Amino acid sequence: MLQLEGAEAVSTAHTSPTPEHPQSSPQPRVADGRSPIWRAHNAFRVVTFLYACVWFAVQYRDYVRPWLAVAILAVMLLWTIFTIWRYRKRSGRTNALVFADQVLVTALVLLCEFVMSEQSMQDADPSVVSVWHATAITAAAAQWGLVGGGISGVVASGCNFLIRWTATPAMWMDTLLMVGTGLLLGMASDTARRSTERLARALRAEAATAERERLARSIHDSVLQVLARVRKRGNELGGEAAELGKLAGEQEIALRSLIATTPPEPTEDGETDFAAQLQVLRTGKVQVSVPATQVMLPEQVGADLYAVVREALANVERHAGEDAKAWVLLEDLPEQIVLSIRDDGPGIPDGRLDEAAAEGRMGVAQSIRGRIHSLGGTITLDTAPGEGTEWEVRVPRGDGAGPAKRREGGQR
């Protein structure tokens with residue numbers, strides 16, 4: 001188990017083992033990698049508030065409206081206490097609260113124009129808010145990253161120019177510091193967020209693998225042994241028992257394939273290994289051939305292609321006969337993905353597809369043809385009576401690949 005500090009510690013959820021509910025794998029919860037940035041923000045807010053209090057005491061006699069300065073400082077104190085309490089926990093760091101933080105701090109800065117004298121403005125004396133103003137930038141950067149921090153820095157700088165109506169070297173230096181702080185801290189926040197997401201994916205994959213191994217042991221000790229015994233005994237007895245033994249053997253192969261294949265996890269870019277997805281389709285009647293390397297595709301593209309293969313194999317089971325076998329071949333080419341689904345069934349008679357469409361059976365048109373066309377790919381059919389059926393699917397790779405010219409020989 002990973003160990004982190006305080007309320008952000010990584011923990012695991014356990015369920016008590018019972019006969020009805022066996023012990024399950026722990027489900028990891030990953031700490032927010034931006035928590036150190038938030039702790040630094042809270043400390044910075046306290047320090048800058050104390051700094052503002054010092055200048056409040058020094059300049060109190062020069063204020064045009066001292067009562068308004070006292071009100072501003074009181075609001076700063078209450079808001080500092082409230083936000084520190086909320087920001088210390090991950091659940092309290094909401095977009096709504098951070099946005100309210102931006103609005104309130106900006107309003108307090110603009111009110112300083114009614115507190116400061118003209119001479120103080122010209123001399124560039126610190127306002128009532130002073131450098132506490134910058135804490136809005138650090139909050140935006142921690143929550144919204146590079147873009148949010150940069151925008152907050154620009155807004156804060158604009159408020160400074162708005163209340164002072166001057167452009168001294170000190171003002172430009174403050175602008176550089178505010179915008180630079182927002183950008184740098186925002187970049188650190190984005191990096192921490194991506195690291196958290198990668199850690200979460202790694203822990204989920206580790207938990208899934210552990211659960212799969214636990215199930216594999218359980219299945220091996222019970223279900224697989226029973227299926228193997230049924231298969232062996234059925235072959236010995238012959239007749240109808242041999243048919244049951246054959247079915248048991250097919251299920252044994254399917255289960256072994258399922259527990260041996262690790263479920264693919266999406267990458268940071270939202271891609272999955274399509275080759276690993278296809279592996280779970282391997283059974284006694286279905287052979288799957290994929291490249292030795294990963295075939296990374298966008299998650300939705302992989303899901304659509306997987307659905308196409310499942311529909312094609314379901315057609316084989318429904319129409320090709322009990323003894324028909326199927327082969328799935330995946331090729332990963334530089335510019336496209338080529339997927340072949342072939343069976344050794346009786347083939348499709350001429351006109352059968354048109355009859356199925358006329359009868360309202362649109363499984364091929366919607367589940368296979370429609371999915372491939374939506375991906376900008378092509379699908380061809382090679383079939384003849386007594387010679388089986390082969391579908392060939394080609395889907396272009398890359399974001400810039402446009403819809404390819406469609407060419408279909410038929411549909412099942």
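The values are calculated or read from the model by the stated rules, or taken from the named source; none is laboratory data. Here the structure is a predicted model, which is why all the values come from computation and not from measurement. In this analysis, Cβ positions are derived from the backbone assuming ideal geometry, glycine residues included, and neighbour counts consider all displayed protein chains. Note: areas computed on protein heavy atoms with side chains; ligands, DNA, RNA excluded. Shrake-Rupley method; radii C 1.70, N 1.55, O 1.52, S 1.80 Å.
What to note about this one:
- Hits in segment 57-71 - residues which are part of a helix (DSSP H, G or I) and touching a Phe, Trp or Tyr at 6+ places or on another chain (Cβ under 9 Å): 66, 68, 69, 70
- Scoring residue 87 on the criteria (1) modelled with pLDDT under 90; (2) surrounded by 14 or more Cβ atoms within 10 Å (Cβ to Cβ) leaves a single failure, condition (1).
- Test: residue in segment 359-373 that is modelled with pLDDT of 85 or more, under 34 Å from the mean Cα position of the chain (by Cα) and buried (at least 19 other Cβ atoms within 10 Å of the Cβ): yes
- Of the residues making up segment 131-152, those that are crowded, with 24+ Cβ neighbours inside 10 Å and aliphatic (A, V, I, L, M) are 136, 137, 139, 140, 141, 142.
- Within this structure, residue 70 passes the test of being open to solvent by 20 Å² or more (accessible area, probe 1.4 Å), of a type outside the set (Gly, Ala, Ser) and without any contact (Cβ under 8 Å) to a residue 12 or more places away in the chain.
- Flag if residue 320 is surrounded by 20 or more Cβ atoms within 10 Å (Cβ to Cβ), among the small types (Gly, Ala, Ser) and over 15 Å from residue 289 (Cβ atoms): yes
- Filter result for residue 293 (out of contact with any Phe, Trp or Tyr (no Cβ under 9 Å at 6 or more places or on another chain) and not in a loop (DSSP other than H, G, I, E, B)): no
- Identity of the residue in segment 104-126, out of contact with any Leu (no Cβ under 9 Å at 6 or more places or on another chain) and in a loop (DSSP other than H, G, I, E, B), that ends up nearest to residue 50 (Cα to Cα): 126
- Taking the numbered list (1) more than 28 Å from residue 314 (Cβ to Cβ); (2) at pLDDT 75 or above; (3) surrounded by 14 or more Cβ atoms within 10 Å (Cβ to Cβ) in turn, residue 295 passes all entries but (1).
- Qualifying residue in segment 299-313 (condition: open to solvent by less than 50 Å² (accessible area, probe 1.4 Å) and touching a Pro at 6+ places or on another chain (Cβ under 9 Å)): yes
- Each residue in segment 90-123 was checked for being open to solvent by 50 Å² or more (accessible area, probe 1.4 Å), more than 33 Å from the chain's Cα centre (by Cα) and of a type outside the set (S, T, N, Q), and 6 of them qualify.
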